[in-house]
1. Sorted by average packing, counted as other Cβ atoms within 10 angstrom per residue and highest first, what order do 72-79, 90-97 take?
2. If eta is 0.890 mPa s and T is 25 °C, what Stokes-Einstein diffusion coefficient results for segment 114-161, Kirkwood Rh from Cα pairs, in µm²/s?
3. Which whole-number percentage describes the relative contact order of the chain, with Cα contacts under 8 Å and a sequence gap of 6 or more?
4. In whole percent, and with a 1.4 Å probe on the protein chains, what portion of the accessible area of segment 88-237 is carbon and sulfur?
5. Exceeding 26 Å between C-alpha atoms, which entries from my cross-link table qualify? They are Lys27/Lys68; Lys41/Lys141; Lys68/Lys125; Lys12/Lys41.
6. Normalise the Cα radius of gyration of the chain by 2.2 N^0.38 Å (N = residues in it) and let me know the number.
7. Using only alpha carbons, build the gyration tensor for segment 50-170 and give me the equivalent ellipsoid semi-axes, biggest first, whole Å.
8. Mind ordering 165-176, 17-28 by average Cβ neighbours within 10 Å, highest first?
Amino acid sequence: MLEVDSLEKRYKTGDMALRGISFTVAKGQVVGLIGPSGAGKSSLIRCINRLVEPTGGAIRLNGLDLTKLSGGNLRQARRRIGMIFQEYALVERLTVMENVLSGRLGYVAFWRSFFRRFPQTDVDKAFQLLDRVGLQDHVDKRADALSGGQRQRVGIARALEQDPELLLVDEPTASLDPKTSRQIMRLICEVCRERDLPAIINIHDVVLAQMFVDRIIGLRAGAVVFDGPPTDLTDTA
Ligand code: ADP
Ligand code: ADP
């Protein structure tokens, strides 16, 4: 479970990006995060994975307060959070399989292991994930030979490879056509429910969010202005 408790972020410029935000996300629940540009969506995501330092409040992931960590402890805690990005962030020259295997290790450790060969259990697990996301016939293709939808499927498999306790997803469909966007959103939501994984998806397409997520949190000017099921969201929210 993820607990965000009175989270505050004031940048050095004085901008108050988050003005004391609180919510919890249960296991297996998929939250769509919506709001106009400048509302604080990226700041929230970045505070949770600690790419930026919160200036107040707490973020607990299964009881562990992420705001109190630094150094090695922080790096370890970050591995408990799977990330999926808008631009996929694949290593173009690596194969689909290699991209998934590199997710957990980071790039440098990946090459070290590459030359010592990966344990068969890691390869088997990666293959199972690639099968789940529908890429079983593409494992040996290089990333730069894939379509946008296939790339995002690799991104999903890579995020799951480390058995995360939370999934953070940043505009996963912004570079995809409408049909592929729906397939990718459906897949992300399905795998979260299968694995009992809580997820927050930063998504500007409200209609797409409403189709698939369990709950919507609306931000405006650093505050939560809506929190409820997609069906309760009206034009005025
Ligand atoms: P969103 O993702 O919803 O567009 P952001 O989290 O990017 O919103 O921005 C929220 C507020 O914080 C905005 O006022 C923005 O100008 C400010 N902000 C974001 N990043 C920084 C930064 N690195 N330094 C200073 N202010 C920032
Ligand atoms: P090609 O497209 O002909 O395979 P590349 O320059 O893309 O040529 O890569 C050559 C090989 O070098 C790759 O197959 C890969 O195994 C290896 N390689 C690529 N990048 C790195 C890297 N950063 N560190 C170590 N080996 C790499």
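The values are calculated or read from the model by the stated rules, or taken from the named source; none is laboratory data. All values reported here derive from a predicted model rather than from experimental measurement. Cβ atoms come from the backbone with ideal geometry, glycine included; neighbour counts cover every protein chain shown. Note: accessible area is taken over every heavy atom of the protein model, side chains too, but ligands, DNA and RNA are not part of it. Shrake-Rupley method; radii C 1.70, N 1.55, O 1.52, S 1.80 Å.
1. On the way: 72-79: 13.2, 90-97: 18.0.
Those peptides, ordered most packed to least, come out 90-97, 72-79.
2. Here the translational diffusion coefficient equals 219 µm²/s.
3. 30 percent
4. Working: 3530 of 7150 Å².
Answer for segment 88-237: carbon and sulfur cover 49 percent of the accessible area.
5. Going by Cα-Cα distance, Lys41/Lys141; Lys68/Lys125 fall outside the 26 Å limit.
6. 1.01
7. 28, 16, 13
8. My ranking of the peptides, most packed first, is 165-176, 17-28.
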